[in-house]
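To start, the structure itself, in structure tokens.
Since every read-out is calculated from the coordinates, none of them should be taken as a lab result. Just so you know, these numbers come straight off a predicted model, no measurement behind them. Using ideal geometry, Cβ is built from the backbone for each residue, glycine included, and neighbour counts are taken over all protein chains shown.
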């Protein structure tokens with residue numbers, strides 16, 4: 001296991017260091033990503049051109065995040081004071097950022113250390129590095145505490161005290177809708193030393209998964225098909241006034257990816273459900289439906305078979321598969337069933353930081369990425385966090401030196417990294433009927449690749465075979481459960497939730513469960529809760545949690561419904577055991593790569609012998 005810093009903790013330290021006015025001389029200013037200068041005019045999306053003087057324009061051109069004011073002055077042959085004043089003016093116009101920023105990364109403390117080590121004044125540099133070292137030593141003490149509860153509690157308390165003293169910031173972020181994961185200063189990720197071997201019998205039963213993957217690709221294709229004309233509308237509106245840069249394009253589409261995205265995706269999902277309804281022909285009122293993959297194969301091909309035509313990430317599909325078996329030996333014998341958990345569409349889940357940095361050989365994963373993308377990719381810079389779902393742990397971490405990063409609104413990259421560009425410097429052009437993002441060096445990529453992550457965020461959990469309704473059956477194809485049984489109940493109809501007596505509430509809740517013939521173990525989704533939560537109907541504690549959730553939802557929207565899904569596998573069906581016989585819940589994480597995609601990107605032109613393009 002390894003203990004990591006949450007990015008917000010190191011950002012807080014950087015902000016406290018940035019408060020020292022003496023730091024300003026050593027902080028490289030950086031042009032705002034969507035600011036573009038032409039001649040003696042500065043262009044910002046949605047605003048008329050603004051004038052700029054020759055000297056300020058020359059300084060702006062050098063505000064690339066790598067040069068402090070003294071280096072800018074030296075490059076232009078002007079006094080440092082003059083360069084500093086120009087940067088200050090550019091900052092007042094909001095054309096440059098001039099602050100101590102920490103590039104995003106799995107190890108934010110290393111990124112901050114690299115920034116601080118570039119400070120030329122040791123009287124400023126060394127105290128700043130020592131403050132960082134205090135937190136690093138605290139993190140190391142937490143790591144060393146291991147499983148000793150008392151030592152761990154003491155180490156975390158000491159780290160939090162040091163952090164609060166250094167930053168004048170609370171060491172725990174409050175829970176709320178605007179708080180991303182990782183509320184504490186540090187977190188731990190771990191990898192078990194054990195290896196489970198299942199044999200090849202599992203592979204022989206994956207035909208239903210292949211059919212689901214074919215349908216998921218159809219879904220991403222249809223969404224991409226709707227996205228392209230939406231983006232073209234924005235492009236044509238902007239291009240009527242002249243050339244279009246990516247910054248203007250991105251901001252012109254907000255809210256990202258574009259305002260009608262949810263409506264478009266709802267329509268695609270409705271069509272997906274309708275197609276599966278024709279294929280599965282589920283009887284009215286059924287609770288269990290099982291079909292043969294061979295019997296539906298031709299219908300699946302007719303409804304869904306086509307090559308991939310989405311954005312860059314849309315060639316990836318990451319299904320989670322759970323096993324119903326007595327043991328690993330039973331799986332090897334073929335004595336098992338499977339459950340399709342989540343189908344993460346247009347996403348390589350194994351590319352997330354928590355998996356990449358627990359993998360014994362990151363270069364092996366990079367090599368697999370290069371098989372998928374032999375040429376460079378265009379990767380949009382992402383925010384460091386997104387409330388409720390996005391944090392350092394889920395940051396994509398399979399980037400390669402040949403890949404380009406483009407900053408959009410969130411300029412979170414390292415300006416010292418080659419192949420890092422600002423969106424204002426990227427042209428949007430039509431080529432062979434496609435809108436392309438053309439980089440300063442001439443490399444060109446499908447414009448959809450710029451929107452890859454925001455499109456994936458919309459579509460990643462939209463795959464379903466399940467019909468809509470207050471009750472849907474468990475659906476199996478061969479030995480794979482592809483849809484668990486579900487129920488939906490208006491929150492106001494859970495009468496037991498308002499019972500004041502815990503004993504009576506427990507009894508009434510169990511009667512309610514029996515009335516609806518619900519299983520003992522379920523997961524519940526509520527519109528007022530950030531994530532699904534687990535309920536054991538034999539546990540007063542969990543029934544109290546369910547009652548509270550029902551009351552919250554009923555207060556907010558009496559007509560809103562709680563969605564209940566059977567837990568499958570159940571705790572008794574955990575097949576994975578360690579060397580001491582302890583059972584663990586588990587899932588098999590697959591990454592499927594669509595091999596039918598046609599790459600439309602174009603590399604940068606090779607320099608000619610005379611240095612030209």
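Per-residue Cβ neighbour counts within 10 Å put 593, 482, 450 in the sequence 593, 482, 450, beginning with the fewest. In degrees between 0 and 90, to the nearest 10, how far off the longest principal axis of the chain does helix 149-167 point, with axes built from Cα atoms? For helix 149-167, the angle is close to 30 degrees.
With respect to the chain, whose longest principal axis is taken over its alpha-carbon atoms, helix 7-18 is tilted by about 20°. Taking the DSSP bridge list for region 203-463 and keeping only pairs wholly inside it, about 75 percent are antiparallel. Helix 261-280 and the long axis of the chain differ in direction by around 30°, with both axes built from C-alpha atoms. Summary of the geometry: region 100-121 and region 130-175, compared by the centres of their Cα atoms, lie 20 Å apart. Distance between the 7 Å Cα→Cβ label points at residue 517 and residue 76: 7.8 nm. With both residues required to sit in region 361-520, DSSP beta bridges show an antiparallel share near 70%. Tell me, what is the FRET efficiency for residue 137 and residue 274 to the nearest 0.05, using R0 = 45 angstrom and their Cβ-Cβ distance as r? That gives a FRET efficiency of 0.15. Region 31-54 and region 471-537 have Cα centres spaced 57 Å apart.
Enter the Cα centre distance for the pair region 318-373 and region 280-307, rounded to the nearest angstrom. Centre-to-centre distance over Cα atoms comes out at 25 Å.
In the list (1) 44.5, 156; (2) 24.6, 72; (3) 27.5, 87, the label attached to Rg and Dmax of the Cα atoms in Å as derived from the coordinates here is (3).
Placing a label point 7 Å from the Cα of residue 368 along the Cα-to-Cβ line, the residues of region 325-342 whose backbone N sits under 19 Å from it are 341-342. Spin-label model, residue 174 to residue 230: label points 7 Å out along the Cα-to-beta-carbon direction sit 3.4 nm apart.
Only helices enter this figure: runs of n ≥ 4 DSSP H residues, each worth -39500 (n - 2.57), summed and divided by the residues of the chain, yield -12000 deg cm²/dmol at 222 nm to the nearest 500. From least to most packed, judged by other beta carbons within 10 angstrom and beginning with the fewest, 411, 335, 64, 579 follow the order 579, 335, 64, 411. Here the residues 35, 591, ranked from fewest to most Cβ neighbours within 10 Å of their Cβ, fall in the order 591, 35. Gain on full extension, evaluated as 0.36 nm per residue between residue 50 and residue 88 minus their Cα-Cα distance, stands at 12.0 nm.
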